[in-house]
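The values are calculated or read from the model by the stated rules, or taken from the named source; none is laboratory data. Source: prediction; values computed, not measured. Cβ sites come from the backbone with ideal geometry, for glycine too, and all protein chains shown count toward neighbours.
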Amino acid sequence: MNLLQPFIHQRYSESTFFFFVQTVFLYRIKQGLTNIVKRAAINKAAKNVNKIV
């Protein structure tokens, strides 16, 4: 894909670009939430282990 190509399909390119950005953004949010949940679960497990010990 040549970025210097004339903007023949400018509207198509824009919608594709925004779709790409949106997808990446949502993916990053999902990753962030997953990491938060994982961290919370690990902290909970660590507290339970400390109680047992």
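When region 10-49 is filtered for residues that are surrounded by 10 or more Cβ atoms within 10 Å (Cβ to Cβ) and among the polar types (S, T, N, Q), the ones remaining, listed by number, are SER13, SER15, THR16, GLN22, THR23, GLN31, THR34, ASN35, ASN43, ASN48. Would you confirm whether any residue within region 27-47 is outside any helix (DSSP H, G or I), at pLDDT below 95 and of a type outside the set (S, T, N, Q)? No.
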